[in-house]
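The values are calculated or read from the model by the stated rules, or taken from the named source; none is laboratory data. Worth saying up front: this structure is predicted, and the values here are computed from it rather than measured. Here the Cβ is made from the backbone with ideal geometry for all residues, glycine too, and neighbour counts use every protein chain on show.
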Amino acid sequence: MLEPCEVKVSCTVLGGKGAERPPTYPITGDEPMQLLVKYYSAENFLHDYHLLGTNKRILNAGSSSVRYGENCVNVDIQNKVNVDFVCDIHDLPDSLGEFDAIICNAVLQYCRSPETVAKQFHRILKPGGYLFIDAPWVQPFCPDTPDRFRFSQEALRQIFSDFQIIKIGPSIPSGSAFAMLGVHIAQNLTHNKFFNYGLSKIASITLYPFRYIATADESQTAGAFYLICQKNA
């Protein structure tokens, strides 16, 4: 495990009220068709549970460069901009203290042992504190870092069984997952990258209307799930 670094002073604050339906986000930096739809996000969670604009301490686990409010402590295994402590979330240092809320957004799939991470979260969360998890289910492989797992609702319930489950549901609807998967297939269909590029643009346009579709049972085909749970007081 890397030793914690010094706390950095400069930061970029991301927060504010969650929208009824959060904005869509592009699947890649240059993708013109915004296919990724988020029905529930970390910002929604922070707003719904009144965690922003208060003295509540928030841990953003696997933060990258995103910060949620001024009382947010960012930890990541890489020393990026806005990261306060460089550490492995499988072994969080005691020097972090305790937190009123923990956010783990699209990180769990990269962890060697999600069960170990869950126990670490339980250890540093204050009694009565809240945990927000967003984890993928039906999504393409991500090559940025070792992509190890996908999580059904049942898996999330089991991994975080030490907590009281408050809410669980789809954060990315099935239609969005279907559209993103179709474009990913097009991008990797042949060994000709120029053909794949053109085909992916056609797929983006064709699949764009499907992005908000939800199936009769989202637990089977949603792109990702969010989980909100609480540590017993």
Discussion item. Any residue at all in the range 170-183 that's more than 16 Å from the chain's Cα centre (by Cα), surrounded by fewer than 18 Cβ atoms within 10 Å (Cβ to Cβ) and over 16 Å from LEU36 (Cα atoms)?
Written reply: no
Item to complete: Output the residues belonging to the range 104-116 that are part of a helix (DSSP H, G or I) and in contact (Cβ under 8 Å) with a residue 40 or more places away in the chain.
Response: LEU108, GLN109, TYR110, PRO114, GLU115
Worksheet item: Only one of these conditions is not met by ALA203: (1) crowded, with 17+ Cβ neighbours inside 10 Å; (2) closer than 28 Å to LEU108 by Cα. Which number is it?
Response: (2)
Response to the item:
Within the range 67-85, the residues that are surrounded by fewer than 17 Cβ atoms within 10 Å (Cβ to Cβ) and either of a type in the set (A, V, I, L, M, F, W, C) or closer than 17 Å to PHE160 by Cα (or both) are VAL81
Worksheet item: Among the listed residues ASP91, ASP100, which satisfies the condition of being more than 21 Å from GLN139 (Cβ to Cβ), buried (at least 16 other Cβ atoms within 10 Å of the Cβ), among the acidic types (Asp, Glu) and in contact (Cβ under 8 Å) with a residue 24 or more places away in the chain?
Response: ASP100
Practice prompt. Return the total of residues in the range 70-83 being over 16 Å from VAL107 (Cβ atoms) and touching a Ser or Thr at 6+ places or on another chain (Cβ under 8 Å).
Written response: 2
Item to complete: Give me a count of the residues in the range 7-38 that are at pLDDT 50 or above, under 25 Å from PHE121 (Cα atoms) and out of contact with any Pro (no Cβ under 6 Å at 6 or more places or on another chain).
Response: 0
Worksheet item: Here is a list of conditions, (1) surrounded by fewer than 14 Cβ atoms within 10 Å (Cβ to Cβ); (2) at pLDDT 95 or above, and CYS111 meets all of them except one; can you say which number that is?
Response: (1)
Discussion item. Going through ARG123, ARG211, ARG157, ARG150 one at a time, which residue ends up being of a type outside the set (Asp, Glu) and exposed (fewer than 13 other Cβ atoms within 10 Å of the Cβ)?
Written reply: ARG123
Fill in: Any helices (runs of 4 or more DSSP H) falling wholly within the range 118-212 and containing at least 1 residues that are farther than 26 Å from SER63 by Cα
174-187, 193-207
Worksheet item: For the range 44-66, which residues satisfy the criterion of being outside any loop (DSSP other than H, G, I, E, B) and surrounded by fewer than 20 Cβ atoms within 10 Å (Cβ to Cβ)?
Response: HIS47, ASP48
Worksheet, complete the sentence: (1) assigned to a helix (DSSP H, G or I); (2) without any contact (Cβ under 8 Å) to a residue 60 or more places away in the chain; (3) touching a strand residue (DSSP E or B) at 6+ places or on another chain (Cβ under 7 Å) all hold for VAL75 apart from (1)
Practice prompt. Go through the range 127-145 residue by residue and tally those that are in contact (Cβ under 8 Å) with a residue 60 or more places away in the chain and surrounded by fewer than 16 Cβ atoms within 10 Å (Cβ to Cβ).
Written response: 2
